[in-house]
Amino acid sequence: MKALVTGGAGLIGSHVVDLLLDRGDEVTILDVLEPQTHPQGRPPWIPSEARFVQGDVRDVDALGDALAGADIVFHQAAFGGFTDQMSHYLDVNATGTARIFEVIRNGGLDIRKVVLASSQAIFGEGPYRRADGSTFHPPLRPLAQLDAGEWEVRDPATGAALDPLRAGEELSPDGITPYALSKYFEERAGLALGRSLGIPVVALRYAVTYGPRQSVHNPYTGVISIFASRLLNGMPPVVFEDGRQTRDFIFVEDVARANLHVMDSDEIGDDVLNVGTGVPTRMLDLAQEIASVLGLDLEPHLPGEYRPGDVRHFVHDPAKLNRLGFVAVHSVRDGLARFAEWVTAQGPIEERFSAAATRLRAMGVIRPAGAPSGG
């Protein structure tokens, strides 16, 4: 087959490219090489066997060039992270996705299938169980609660802390950050436009993805690389809230395999699927584990800060994709060891989080507990 991988120089896209080339497919990469992520330009892992088009996913001409002759599309290009660039998320992620289908339609292109990258962020908080056994999907915690340093999600009726559950695909999207909204618009636009053009589209809602080739330069996204960059510079990782919040961390090679699995399966189309492990990891434990695999003895720093829009607990229920034949196989321990081996081979890494965090504090994207909530 002939495949286009947008964002093919990035973390997930580059591993999708590798798998496609390994099985003999022809691959075109479209990547803008965002300076924040690729400050040194074209990364060395872009293979010579792939055709490389440097361009923006919103650029009609670049898309037309990249889509020429393609049978299938893996749409991984995205703008992510915690920044103050509200409109840029929507422009790149939502408009960029619509532009792909626009070019396909206007060019009369024969695309067999599209797999696009969505995110767990679209859901907002995960589901919880009340004391009476009922399930509750809460809104994001109010600023007043977070400003008071009260981190756990509580039952609004009783005030009791709730037990987090794994989230299935049926959970109603309720993310409110610009990134969450942009990814939800992306998947809805992709599915709707695919149906209008008769192209099967599958949106994969990724858990937190990490591994080799994760940008060590971008201070706004990629918690594992941010932790590692501080540790390798003799600085403790900074953990928000109390460190007991949980996430589902999935190794990038598992995510890449999931992309090819759903692309190749004739029974998977016009659908949304969770891609995760179903295993919760506390952020404090993650920071300590990264220090351990790097061979460093630095305890995390907990300044009592938080980011408005962050969720407390979110772990995927991957049962639907498991039933369709795909299971993630890498543990967090094994995946972090692979990442540590790669990141230590990159040479000196500049620590950029401190400067970025100062700016984000000034913008209110990072807040200290105890700050006035403004209502």
Item checked: Matching residues, segment 170-195, being surrounded by fewer than 17 Cβ atoms within 10 Å (Cβ to Cβ), touching a residue at least 24 places away in the same chain (Cβ under 8 Å) and closer than 28 Å to residue 134 by Cβ -> 172, 174, 176
Item checked: Set 104, 72, 46: member being free of Cβ contacts under 8 Å to residues at least 40 places away in the same chain, of a type in the set (Val, Ile, Thr) and either farther than 16 Å from residue 4 by Cβ or surrounded by 14 or more Cβ atoms within 10 Å (Cβ to Cβ) (or both) -> 46
Next item on the list: Return a yes/no flag: does segment 287-297 have any residue that is of a type in the set (A, V, I, L, M), farther than 27 Å from residue 44 by Cα and out of contact with any strand residue (DSSP E or B) (no Cβ under 8 Å at 6 or more places or on another chain).
Entry: yes
Check: Among the candidates 352, 307, 333, 312, which residue alone is under 24 Å from residue 128 (Cα atoms), among the charged types (D, E, K, R), surrounded by fewer than 20 Cβ atoms within 10 Å (Cβ to Cβ) and touching a residue at least 24 places away in the same chain (Cβ under 8 Å)?
Finding: 307
Item checked: Residues of segment 113-149 classified as touching a helix residue (DSSP H, G or I) at 6+ places or on another chain (Cβ under 9 Å) and surrounded by fewer than 21 Cβ atoms within 10 Å (Cβ to Cβ), total -> 1
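Looking at residue 99, is it in a loop (DSSP other than H, G, I, E, B), in contact (Cβ under 8 Å) with a residue 40 or more places away in the chain and closer than 25 Å to residue 206 by Cα?
So residue 99 does not fit the description; no.
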Checklist line | Number of positions in segment 121-134 that are under 14 Å from residue 160 (Cα atoms) and either in a strand (DSSP E or B) or touching a Phe, Trp or Tyr at 6+ places or on another chain (Cβ under 6 Å) (or both) | finding: 3
Check: What pairs can you find where one residue is in segment 142-161 and of a type in the set (Asp, Glu), the other is surrounded by 13 or more Cβ atoms within 10 Å (Cβ to Cβ) and not in a loop (DSSP other than H, G, I, E, B), and their Cβ atoms are less than 6 Å apart, with a gap of 6+ or different chains?
Finding: 152/161
Next item on the list: Give segment 265-300 a look and list any residue that's in a strand (DSSP E or B) and within 15 Å of residue 244 (Cβ to Cβ), or say none.
Entry: 280, 281, 282
Item checked: Selection count where residues are surrounded by fewer than 17 Cβ atoms within 10 Å (Cβ to Cβ), among the hydrophobic types (A, V, I, L, M, F, W, C) and part of a loop (DSSP other than H, G, I, E, B), scope segment 159-169 -> 1
Next item on the list: Please go through segment 1-58 and pick out each residue that is within 20 Å of residue 96 (Cβ to Cβ) and aromatic (Phe, Trp, Tyr).
Entry: 52
Check: Of all residues in segment 314-352, how many are among the aliphatic types (A, V, I, L, M), out of contact with any strand residue (DSSP E or B) (no Cβ under 8 Å at 6 or more places or on another chain) and in a loop (DSSP other than H, G, I, E, B)?
Finding: 4
Check: Quick check: is even one residue across segment 200-208 closer than 25 Å to residue 351 by Cα, in a strand (DSSP E or B), under 19 Å from the mean Cα position of the chain (by Cα) and of a type outside the set (Ser, Thr, Tyr)?
Finding: yes
Check: Right, residue 365: farther than 23 Å from residue 232 by Cβ and in contact with a helix residue (DSSP H, G or I) (Cβ under 7 Å, 6 or more places away or on another chain) or not?
Finding: no
Check: Would you pick out the residues in segment 32-63 that are touching a helix residue (DSSP H, G or I) at 6+ places or on another chain (Cβ under 7 Å) and part of a strand (DSSP E or B)?
Finding: 53
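Return yes when residue 211 is touching a Phe, Trp or Tyr at 6+ places or on another chain (Cβ under 8 Å), buried (at least 23 other Cβ atoms within 10 Å of the Cβ), at positive phi and in contact (Cβ under 8 Å) with a residue 40 or more places away in the chain and no when it is not.
Yes; evaluated as a whole, the condition is true for this residue.
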Note to self: Which residue is farthest from the chain's Cα centre (by Cα), if the candidates are limited to segment 212-264 and must be charged (D, E, K, R) and outside any helix (DSSP H, G or I)?
What the structure shows: 242
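Only the coordinates and a few stated rules stand behind these numbers; no lab work does. All values derive from a computational prediction rather than experimental measurement. Here the Cβ is made from the backbone with ideal geometry for all residues, glycine too, and neighbour counts use every protein chain on show.
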